[in-house]
Amino acid sequence: MKAAAFDLASPATLAEASALLAEPTAMAMAGGQSLGPMLNLRLARPGLLVRLAGIEGLAGASEDADAVTIGALVTHAAIADGRAPDPGQGVLARVADGIAYRAVRNRGTIGGSLCHADPAADWVTVLTALGATALTSAGRAILVEDFVTAAFRTVLRPGELLTAVCVPRLRPGARWGYVKACRKPGEFAHAMAAVLLDGEMRLRLVIGATGGRPILLHDEAGIADALAGLDPVAAHIQAVIARRALAQARA
Ligand SMILES: Cc1cc2nc3c(=O)[nH]c(=O)nc-3n(C[C@H](O)[C@H](O)[C@H](O)COP(=O)(O)OP(=O)(O)OC[C@H]3O[C@@H](n4cnc5c(N)ncnc54)[C@H](O)[C@@H]3O)c2cc1C
């Protein structure tokens, strides 16, 4: 099947894009790696598609002593290749390199992934573990753990765009782990966990790909309770993956 007919706009500024997106049937398009298939399957039928690719500033990145800020349009490939600043220990590059395969990474963006809020998306889980903040065109700064409210749902309001993601630097002595289970390389994971032990060994354990928003825990004793609502086999696999991510962080 092919996409239903839509109008296309390519704004040059954030203000122009936000104004266009105030139209109820308008949708933003970043890399098109999730939206493209949804259009073709007619799961999304926007009257107007607003391409973000021409908007200056959304594909940049910057860093200071405390954090790195990655523009919403920075691709997974740019991060995997080290063309974006690293908050420490190569964490972002390693995660980006494991997303899908190169053709998807070349176009898919960190912002598109977060806004799409697929429960099995790598960035949704990892950025929650890293304590990252989503920055929006409305001037809001929202912790990623509060940004995704449910599967495919975020707190973005109509016309509001994600502009960047701010990732705090890993503190000296911090450790992290990231493990996911995929049936085939390049496929979405059916279980994943990301762990951050900060410099004082405080734990942020995030279990993803559960079908809902990521589960954030500060104590590994809570794993079994957190997974209690899942099918027993899925819960067992998730618990094994969570413990592997913890072991990786502690190794
Ligand atoms: C074959 C295949 C395998 C994949 N495997 C994985 C995988 O293993 N792990 C993984 O994490 N992902 C995977 N993906 C998804 C991929 O990472 C996409 O890049 C990502 O989900 C969406 O990013 P995008 O830039 O393509 O966004 P788009 O598809 O352009 O947009 C996605 C959604 O986000 C909205 N949006 C985009 N940008 C913004 C913004 N700045 N502000 C507000 N809303 C915005 C759009 O309106 C749309 O609703 C896979 C995709 C494919 C096709």
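Observations
- Using the Stokes-Einstein relation with a Kirkwood hydrodynamic radius computed over Cα pairs, the translational diffusion coefficient of the stretch 103-251 at 4 °C and a viscosity of 1.567 mPa s comes to 83 µm²/s.
- In plain terms, if you count all Cα to Cα distances in the stretch 175-250 and split them into 10 Å steps from zero, the share in each step is 21, 55, 22, 2 percent.
- Length-normalised contact order for the chain - Cα pairs under 8 Å, 6+ apart - percent: 16
- For the stretch 1-136, the Kirkwood estimate of hydrodynamic radius, built from reciprocal distances between every pair of different alpha carbons, is 15.6 Å.
- Within the stretch 7-50, the percentage of alpha carbon pairs spaced more than 13 angstrom apart rounds to 52%.
- Along the chain, the exposed loop sites are trypsin sites (Lys or Arg not before Pro) outside DSSP states H, G, I, E and B with at most 14 other Cβ atoms within 10 Å, and the longest stretch free of them is 84-182.
- Taking label positions 7 Å along the Cα-Cβ direction at both Ala141 and Ala251, the computed distance is 3.5 nm, reported to one decimal.
- Projected over all directions and averaged, the alpha-carbon convex hull of the chain occupies 13.4 nm².
- The stretch 82-131: Cα Rg divided by the 2.2 N^0.38 Å rule of thumb: 1.09
- The chain, dipole about Cα centre (Lys/Arg Cβ +1, Asp/Glu Cβ -1), debye to the nearest 20: 680
- The distance separating the Cα centre of the stretch 13-79 from that of the stretch 84-126 comes to 14 Å.
- Within the chain, longest stretch clear of exposed GluC sites (Glu not before Pro) (DSSP loop, no more than 15 other Cβ within 10 Å): 57-186
- Given charges at beta-carbon only (K, R positive; D, E negative), |dipole| of the stretch 61-168 in Debye: 380
- Our helix-only sum for the chain, with -39,500 (n - 2.57) per DSSP H run of n ≥ 4 divided by its residues, gives a mean residue ellipticity at 222 nm of -7500 deg cm²/dmol.
- The stretch 175-250, relative contact order in percent, only Cα pairs under 8 angstrom and at least six apart counted: 35
- Where the chain is the region considered: accessible area per residue in Å², 1.4 Å probe: 47
- Evaluated on the stretch 61-168, the Kirkwood hydrodynamic radius is 13.6 Å, with distances taken between all distinct Cα atoms.
- Counting only protein heavy atoms and a probe of 1.4 Å, the accessible surface of the stretch 61-168 is 50% carbon and sulfur.
- A Förster radius of 45 Å combined with the Cβ-Cβ distance from Ala22 to Glu220 puts the calculated FRET efficiency at roughly 0.50.
- Surface composition of the stretch 175-250: carbon and sulfur atoms hold 55% of the protein heavy-atom accessible area at a 1.4 Å probe.
The values are calculated or read from the model by the stated rules, or taken from the named source; none is laboratory data. None of these values were measured; they are calculated from a predicted model. For neighbour counting, all protein chains shown are included, and Cβ atoms are generated from backbone atoms with ideal geometry for every residue, glycine included. With ligands, DNA and RNA removed, areas are computed over all heavy atoms of the protein, side chains included. Shrake-Rupley method; radii C 1.70, N 1.55, O 1.52, S 1.80 Å.
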